[in-house]
Amino acid sequence: MNTYIAFFRGINVGGNNSLAMKDLVAILDGMGARNVKTYIQSGNAVFQSAEKNPAQLAQQLTAEIKKRREIEPRTLVLSLEALKKAVADNPFPDAAADPGGLHLGFLFSRPKQPDLEKISSAKKESERFQLIDGVYYLHAPDGVGKSKLAASVEKLLGVPVTDRNWRTVCKVLKLAGAG
């Protein structure tokens, strides 16, 4: 069995696309997943599956949620190794002390030609960012809610992104037994 992490985008936000975590657990169980655990209502799940292809698993999970709940969230499934690598690759280790200001944006696909210059022009002086292997790292010490860069990253990269703060990433990693 392989350990996977599923990050969902757009569920349980502002009362829209409701998916209770107990329902998500039941859906994953029904797909043959084992040891399913969830973290907070915004859509983070850790589970084990015999499936070897995370992208295929994400498609199956999205289809199953749509079939059972009539919502179609964007679903990103990462291997435990991929999440460990994202944590290890954090280019701003000093920012880990501010877990709410350090964010990892997990890209649903690789940007063809990200305009890093344009992205850089959108950032505040206090902000830092880096794009490493499908993860967009952002340190926004003034908060992502006040960051024009955080608000426009998807448009600037040209690919969908699901964002997690450092605290959530570390909690999910711990939930997977690796933190």
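With respect to residue 19, determine if the residue is outside the structural domain of residue 165 (by TED's automatic domain parsing), modelled with pLDDT under 95 and assigned to a loop (DSSP other than H, G, I, E, B).
When the stated conditions are applied, residue 19 passes them.
Is there a residue in the range 129-141 that is among the polar types (S, T, N, Q), surrounded by 17 or more Cβ atoms within 10 Å (Cβ to Cβ), out of contact with any helix residue (DSSP H, G or I) (no Cβ under 8 Å at 6 or more places or on another chain) and under 24 Å from residue 83 (Cβ atoms)?
Checked against the condition, which is being among the polar types (S, T, N, Q), surrounded by 17 or more Cβ atoms within 10 Å (Cβ to Cβ), out of contact with any helix residue (DSSP H, G or I) (no Cβ under 8 Å at 6 or more places or on another chain) and under 24 Å from residue 83 (Cβ atoms), the range 129-141 yields no hits at all.
Considering only the range 109-133, state which residues are without any contact (Cβ under 8 Å) to a residue 40 or more places away in the chain and among the small types (Gly, Ala, Ser).
Correct list: 120, 121, 122, 126.
All but one of (1) of a type in the set (A, V, I, L, M, F, W, C); (2) outside any strand (DSSP E or B); (3) under 18 Å from the mean Cα position of the chain (by Cα); (4) modelled with pLDDT under 95 hold for residue 119, so report the exception by its number.
With respect to (1) of a type in the set (A, V, I, L, M, F, W, C); (2) outside any strand (DSSP E or B); (3) under 18 Å from the mean Cα position of the chain (by Cα); (4) modelled with pLDDT under 95, residue 119 is out only on (3).
When you go through (1) touching a Lys or Arg at 6+ places or on another chain (Cβ under 9 Å); (2) free of Cβ contacts under 8 Å to residues at least 60 places away in the same chain; (3) not in a loop (DSSP other than H, G, I, E, B) one by one for residue 72, which number turns out not to apply?
(3)
Collect the residues in the range 17-46 that are in contact (Cβ under 8 Å) with a residue 60 or more places away in the chain, farther than 16 Å from residue 60 by Cα and among the β-branched types (Val, Ile, Thr), keeping them in residue-number order.
40
Residue by residue through the range 43-94, note down the ones that are hydroxyl-bearing (Ser, Thr, Tyr) and crowded, with 18+ Cβ neighbours inside 10 Å.
49, 62, 75
From the list 40, 11, 27, 71, exactly one residue is of a type in the set (Val, Ile, Thr), farther than 15 Å from residue 172 by Cβ and under 17 Å from the mean Cα position of the chain (by Cα). Which is it?
11
The values are calculated or read from the model by the stated rules, or taken from the named source; none is laboratory data. All figures in this text were calculated on a predicted structure; none of them were measured in a lab. Because the Cβ atoms are built from the backbone with ideal geometry, glycine has one as well, and the counts that use them run over all protein chains shown.
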